[in-house]
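Report on the structure given below.
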Amino acid sequence: MNAASSISITSPAFQAGGDVPAKFTCNGTNVSPELQIGGVSNEAKSLVLIVDDPDAPRGLFTHWIVWNIDPKTTRVAPVRPRGRIAIFSKSSRSTLNWN
């Protein structure tokens with residue numbers, strides 16, 4: 001893989017640029033959609049995933065920041081967050097707990 005290659009992240013749950021189905025929101029079952037990752041350089045040491053919502057009612061909103069993902073990862077299964085996560089974004093700095 002050369003430096004001009006690009007990473008792709010897709011989901012079988014919805015079309016690129018389309019609406020995220022309610023199932024994957026706080027109005028549904030609040031699980032993450034399956035993600036498929038491709039095109040990662042062999043030289044990559046780690047991946048980070050930042051999920052921003054550019055058209056949120058109050059402007060740009062960061063839903064997730066996940067880091068230290070193994071670069072050999074090709075699929076992220078649907079999951080409902082459990083435990084504790086720290087949220088740092090322009091509009092908030094808080095800790096959320098899921099049961």
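The values are calculated or read from the model by the stated rules, or taken from the named source; none is laboratory data. It should be emphasised that the depicted structure is a prediction, and the values quoted were computed from it without experimental measurement. Heads up, the Cβs are rebuilt from the backbone with ideal geometry, glycines too, and the neighbour counts pull from every protein chain shown.
Applying the criterion of being more than 17 Å from L49 (Cα to Cα) and part of a loop (DSSP other than H, G, I, E, B) to the residues of segment 21-36, the residue that is modelled with the highest pLDDT is P21. Which one is modelled with the lowest pLDDT among residues in segment 51-91 that are exposed (fewer than 12 other Cβ atoms within 10 Å of the Cβ) and assigned to a strand (DSSP E or B)? For segment 51-91, the residue satisfying everything is F88. Residue count for segment 1-53 under the criterion of being among the β-branched types (V, I, T) and farther than 24 Å from D70 by Cα: the result is 3.
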